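Comments concern the structure below.
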Amino acid sequence: MIDWKRISELRDEIGVDDFGEVVELFLDEVDGEIALLRSGCAEDALESRLHFLKGSALNLGFRAFSILCQNGESAAAAGRPQDVDLPAILISFDASKAEFLNGLPRLTAA
């Protein structure tokens, strides 16, 4: 679900102090987009929201979530927003975020 190698690489690339800021920014921005999806996203905004979420997820190692966002983005881009499995995307985000937050102390202690 989480690509811990990617997260470790990112932390090493930007440094421990900046990594904390990146994580905070990521969670703030993605939580905001997720809230918009939960409240009912207009079909014409779905592709761009999922594109944003996919890119953000890839940067911070949310592998399974990014795949679901990619699939949804592709469906929306093809004019099939009804094929976007929004419940699965939201469940994956919640599970990925929980796993990430639970595992983060081990990564930052390393």
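Kindly evaluate Arg80 against the criterion of being more than 15 Å from the chain's Cα centre (by Cα) and either surrounded by 15 or more Cβ atoms within 10 Å (Cβ to Cβ) or among the aliphatic types (A, V, I, L, M) (or both). Answer is no for this residue.
Yes/no per residue for (1) modelled with pLDDT of 95 or more; (2) under 22 Å from Leu107 (Cβ atoms):
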site	(1), (2)
Glu9	no, yes
Leu37	no, no
Cys41	no, no
Ser56	no, yes
Ser92	yes, yes
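Residues checked against (1) surrounded by fewer than 14 Cβ atoms within 10 Å (Cβ to Cβ); (2) modelled with pLDDT of 95 or more:
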| residue | (1), (2) |
| --- | --- |
| Gly20 | no, no |
| Phe26 | no, no |
| Ile34 | no, yes |
| His51 | no, yes |
| Cys69 | no, yes |
| Ala76 | no, yes |
| Thr108 | yes, no |
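Exactly one residue out of Lys5, Lys54 is farther than 19 Å from Leu90 by Cα, within 17 Å of the chain's Cα centre (by Cα) and not β-branched (Val, Ile, Thr), and it is Lys5.
The values are calculated or read from the model by the stated rules, or taken from the named source; none is laboratory data. Bear in mind the structure is a predicted one, so any value in this text is a computation, not a measurement. Neighbour counts are summed over all protein chains in view; Cβ atoms, including those assigned to glycine, are modelled from backbone coordinates with ideal geometry.
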